[in-house]
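Some notes on the structure that comes next.
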Amino acid sequence: MSVTQIRPNIDFWQERVDLAAAFRWTARLNYHEAVANHFSLAINDDGTKFLMNPNQSHFARIKASDILEIDANNTDTLSGPNAPDPTAWGLHGSLHRRCPHARCAMHVHSVHSTVLASLKDSRLLPIDQNCAAFYNRYVIDDNYGGLAFEDEGERCAKMFQDPKKKIMIMGNHGILVIGETVADTFNRLYYFERAAETFIRALQTGKPLRVLSHEVATKVADQLEAYPEQEQKHFEELKAILDDEGSNYSQ
């Protein structure tokens, strides 16, 4: 029986299932921060209506049916029943109002990306293939202003005007990753954390870094961006593992 037959009365069911799988894997990889991080996925053309995790729910327990449907233009969102986390609303509501190309957004405090965001120089140098994948494809926020309530969310959203740059290294905070689908965004999140880990561990050796040239790093980033179906295949395998284990993420 398909998931649409199981839950025919819930809109955007496949999108919910994908988002729930992303929450489960983020927890499994220890990229989450207790119950404090948040993901969203646009469900209308201009991106102002979106799905998001419920307030203060652990990623390891979120199911497709738990996920909230939010309207970024509804000023009463925080006073209604099942209101989202106010910082999630501030960051993701602002992002979806201002950046329709940000169909999916994932904000985490994963360890190595947050260490990178805590350095005075938060650039991710292209020292290997994973690092090179993000060459000239991120922005660095040097003006952290506290929790991401609405004013801070608006300020951050304004930094995503270049659609080629889909990672924000949030100085003194963590990272914000955007993409076209859940699979695309989760794949980017996964590889950025891997790249940040390689870079931080290389710095820890205290030895000189072997940094790729601008030309080679650009070539690698372009090649990986055009690599066919990798993000979808990656994500389908992750869902298959959850299914094989009997996970209830798709309920």
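Cross-link check: pairs Lys158/Lys233; Lys164/Lys219; Lys63/Lys239; Lys165/Lys219 evaluated at a Cα-Cα cut-off of 20 Å; pairs beyond the cut-off: Lys158/Lys233.
Less than 14 Å Cβ to Cβ from Phe199, Lys/Arg counted +1 and Asp/Glu -1: what total charge do the surrounding residues give? Can you show the working numbers first?
Details: positive: Arg123, Arg194, Arg201, Lys207, Arg210; negative: Asp121, Asp128, Glu193, Glu197.
Net of charged neighbours comes to +1.
The average projected area of the stretch 3-244, computed from the convex hull of its Cα atoms over all directions, is 13.5 nm². With K and R counted +1 and D and E -1, the other residues having a Cβ less than 11 Å from that of Ile43 yield a net charge of -3.
Dipole magnitude of the stretch 1-136 about its Cα centre, charges +1 at Lys/Arg Cβ and -1 at Asp/Glu Cβ only, in debye to the nearest 20?
Values: 12 positive and 13 negative charges, 57 e Å.
In debye, rounded to 20, the stretch 1-136 gives about 280.
When Rg and Dmax are taken over the Cα atoms of the stretch 167-235, they come to 14.0, 39 Å. Among Ile127, Gly171, Ala34, whose Cα lies farthest out toward the positive end of the dipole of the stretch 3-244, if unit charges sit on the beta carbon of Lys, Arg (+1) and Asp, Glu (-1)? It is Ile127, whose Cα lies furthest towards the positive end. The Cα center of the stretch 122-179 and the Cα center of the stretch 67-82 differ in position by 26 Å. Just so you know, the Cα atoms of the stretch 150-205 work out to an Rg and Dmax of 13.0, 40 Å.
Taking R0 as 35 Å, what's the FRET efficiency between Lys219 and Tyr144 from their Cβ-Cβ distance, rounded to 0.05? If you can, show how the numbers build up before the last one.
On the way: r = 33 Å, r/R0 = 0.95.
Given R0 = 35 Å and the Cβ-Cβ separation, E is 0.60.
With the biggest extent put first, the Cα atoms of the stretch 5-66 measure 30, 29, 18 Å across the principal axes. The residue among Ala157, Gly145, Ala196 whose Cα reaches farthest toward the positive pole of the charge dipole of the stretch 77-226, with charges on the beta-carbon of Lys, Arg, Asp and Glu, is Ala196. Normalising the average separation of contacting C-alpha pairs (under 8 angstrom, six or more residues apart) by the number of residues puts the relative contact order of the chain at 22 percent.
FYI, it's all coordinate maths here, none of it is from the lab. All of these numbers come straight from a predicted model, not from anything done at the bench. Counting neighbours? That spans all protein chains shown, and the Cβs are built from the backbone with ideal geometry, glycine included.
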